[in-house]
Structures are given as C-alpha cells and as structure tokens.
Amino acid sequence: MFGSISILVIFVPVIIILFAAIFLSKQYKRCPSNKILVVFGKVSGEKAARCIHGGGAFIVPLLQDYTYLSLEPITIEIDLKGALSKKNIRVNVPSTFTVGISTKPNIMTNAAERLLGLSIADISGQAQDIILGQMRLVIATLAIEEINQDREKFLDLVNTNVNLELNKIGLDVINVNIRDITDESGYIEAIGKKAAAEAINIARVEVAQQEKDGAIGEATAFREKEVLVAQQTAESVMGQKQAEKDERIKVAEYEAEGLSGEAHAKRLQEVAIAKAKAETEQGRKEAEREQRVFIAVQEAMSVEGENTSQANIAAYNATLKEKQADAKRKGEVAFANASRDVLSAQRAEEVARLEKEEVVKEEINKKKIEIEAEAQAEQVRRVAKGEADAILLKYEAEAEGIKKVLESKAEGYRQLIQHVGEDKHLAPTLLLVEKLPELVAEQVKAIQNLKIDKITVWDSGNGSSEDGTSTSNFLKGFIGSLPPIHDLAKQAGVDLPKYLGELKDNKNEHKEKNSPS
C-alpha cells in the first residue's frame, strides 16, 4: 500500500512537468520566410500588435494570440481610361501593378492593423482604388508629350506617389508595367506619325550621307591603295639599295682586310730596310692619311648638302602642287555645289594621282640619292680606315723591330762589359774592331768616285833606286793619302791590338836606315 503511494508521488509530478513542457513548446510559434507572424492581444508598449519576419515568438496563453500575413506578390490589373492630362487631353493608360506586404517594421505594423483577416481580393480592391487615384493625379501634372516620350520620368512619378500611399496600408510596389498609352483624339497617333516621318527623313539623309561617305571612302581607299603600293615599291627599292650598300661595304671590308694582310706581309719584309727612315716615313704617311680623310669628309659633306637641297626643292614643289590642286578643288566645289560629291571624289583622285606621280617619285629619288651617298661615304671611310690601320700596323711593327734590335744591342753591350771585367778599355777596342770593315769601306769611298781617265808616270827606268821606281813611289804616295787605320783608332782614343801591326814614324825609320852601322 505504502509502496503504491510512493510510486504515485514520484510519477505524478513528472507527468505534470512533461505535459507542461509539451504545452509550452506548442505555444512557441516559428515564422516562415514567406509570411509575417502577427502577435496580438497583450503586447509590450502601446502597439496593438507585434510583427515578426523570420525567427519566432512565444505566445502567452489566454493573453495573446497569433496569425500570419502572406508575403506572396499580388498582381493588380489597372484599366485606366479617360484620365485628363495637363493639356486637357484624355488618355488611356492600361497597366499592371505587382504589390506585396512590406517587411519594413513600421509598414508591417500598418499591414497588421489594416489588412489582418482580409482576403486577397479585398486587399487587391483596396490597392486598386489607391493606384487609380494616384495615376490620375500624376497624369494631370504632365503634358501628353512628357507621358509619351519620357516614360522613365512618368514611371518614377507613378512609383513614388503610388508607393507612398500603399505604404499607409502596409503594401509596397514591386513592379509597374505600362502596356500602352492612347488617347481618344488621336493626338498621340499624330505625334507618332510625325516622329515616324521625321525618322524617315533623317534616315534618308543618313542614307545619302552614308552613300556620300561610301563614295568618298572608296576614293580614299583607292588613293591609299595607290600610295601604299608606291610606298611598298619604294621600300622594295630601298631594301635592294640597302642590300647593295651592305654588299659594297662587305667588299670594302674584305678589300681592307686584304690590304691589311698584304701590308702586314710587306711590312715583315721591309722592317730591316726601313729602320733608319721610320720616323720620317711615319710623319709623311700620317700627313697623307689626314689629307685623304679630310678630302673624303669634305666630299661627303658636299654630297650631303647637295642631296638636302634637292630634297628641299622636291618637297617644296610637291607642296606647291598640292596647294594648287587644293585651290582648284575649292573653286570647282564653289562653282558646282550641286555636284559636290562627284567633284570631291574627283579631287581626291587628282590629289592621289599627284601624290603618286610627284611626291612619291621625289621621295623615292631622295631616298635613292641618300642611300647612294651614304654607301659612297661609307666606302671612302672604310678604305681610308683600312689604309690608315695598315700604315699604323706597319709603323708599329717597324718601331717594335727597332726596339727589339736596340734591346738586343743593349744586352750585348751589357754582357760585353761583364766579360771584359776591370779592363774597361777593351770593350771600345772590340767594338771598333767590329766596325773595321765599315771604316775601311768608308776609306775606299774617299777615292772610289774620283774620275781619273789616265795616269801618266815618268819613270827614268832605273829600277835599282833604294826608294823604288817612280811608279812604285807614286802608288805608295797615292795610297798614303788615305787616313791610316791606326790614326783613326788613335783619334778615337782606342789602341788597336798588336796583331794589326804598329804605326812607326817614317822620319825615324829613314834616319835609322841612313845611319852608318
């Protein structure tokens, strides 16, 4: 008995709590996204209802209740007829409005207060009356031209005025579609016909303008084609001349290299011969090179000046002809204004022909002269540079050879000084001995150029004389007229070796021979 009572005491509160939780959970209402939850009854503040879009709310039993307002769009057909415009012309403006309950807080409250419990038809009827009244008001403020031509302005005014009034009952304008605007008097139709006629006239003028532009464009294209063909021909000629110039430059380079190689080989052959003449020859060649370079530069400048003058004359003639053609065109256009399109095409053709025959030709000639002058000047420069480099290499090699010879001699003299040791007089003696052949050659030169056709010697025929015959004495005296080698060495302060003999005094020798024994 007591056990049953204990079980009841435990389960009864649990069951009560469970039922209370289920009841309270059912009182919490969630709001779907396409509806507005309206809680009415005892709500906070002075509002008659509380509107919730999204989320949920707890409904207090007995004190509060709830319902939903649908957010689905409502389509309203407005067949407006006979609306009086600003100029007292009645117009028909059939249109379609799409409206719906707003989700803005204040406007939602208006919807809860004025549309709660109404059907779609009732809401549509209220909105239709408001829309008709506002459209008539907007049309009365606009002229029929503004309504017909500036549809965007008309729609903005309708949207603004209608939306302002619909917000008062909780609705928003979603879309406005005006199908057509007509009037009973046919004014809009007349405006349309006038606009159509103007458009046709404008189109005809534009067609004529386009045909004229087409003719001008065709003539211009033809002229541009001729000019481009002439330019391509000129570029082809220029390319050919450029290739010829490159070929001439290469040939000149190869010739300069050949001349340089030939000069190098010849230089090796002439180094030993041209040692003494190096400085004089170098100065002379330098002067000749500078003279040739100066003459080449002056000739190039002269040719360049002539080419520039010819180019300026050609450009001036082309400009003069172009101005004459332009003046002629203007006179013909003023004289025959009715046929200006044809004359304009003729003028374009004439200008193209003049440009083709005169300007392009002169430009080609000018380019041709410039290319030839540049090639000739480049060839002159290359040849002059090659000759100058060859001469410079020759003289550099000669100077290097002289330097090597002098360095070798200096090394030989140094070694000679080292070998002679303390006998410092031996070195000049050896050097003089080395030069004896040259000294003897110089002695021979003293008499080798004497022009003696015949020598007559009177000899007594007595060959037993102690001093020899007259002929032998003559030859002895003739040879004695040459400076002796010992005298030359003594003048140089050098003592010749003993194996070369000694120089005795002739007077002393004669006294020794005549003295009695």
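Structural remarks
- Any hit, the stretch 82-99, residues being farther than 26 Å from GLY125 by Cβ and without any contact (Cβ under 8 Å) to a residue 12 or more places away in the chain: yes
- The lone exception for ILE178 - which of (1) out of contact with any strand residue (DSSP E or B) (no Cβ under 8 Å at 6 or more places or on another chain); (2) in contact (Cβ under 8 Å) with a residue 40 or more places away in the chain it fails: (1)
- Pair list, Cβ under 8 Å, 6 or more apart: the stretch 181-202 residue over 12 Å from ASN92 (Cβ atoms) and in contact (Cβ under 8 Å) with a residue 24 or more places away in the chain, other residue of a type in the set (S, T, N, Q) and surrounded by 11 or more Cβ atoms within 10 Å (Cβ to Cβ): ILE191/ASN148
- GLU279, sole failed condition from (1) surrounded by 12 or more Cβ atoms within 10 Å (Cβ to Cβ); (2) farther than 30 Å from GLU358 by Cα; (3) at pLDDT 75 or above: (3)
- Selection within the stretch 80-127 - touching a Pro at 6+ places or on another chain (Cβ under 9 Å), modelled with pLDDT under 90 and not hydrophobic (A, V, I, L, M, F, W, C): LYS81
- One residue from ILE364, ILE402 being surrounded by 13 or more Cβ atoms within 10 Å (Cβ to Cβ) and modelled with pLDDT of 80 or more: ILE402
The values are calculated or read from the model by the stated rules, or taken from the named source; none is laboratory data. Keep in mind the model is a prediction, meaning the values are calculated, not measured. Don't worry about glycine lacking a Cβ; one is built from the backbone with ideal geometry, like all the others, and counts go over all protein chains shown.
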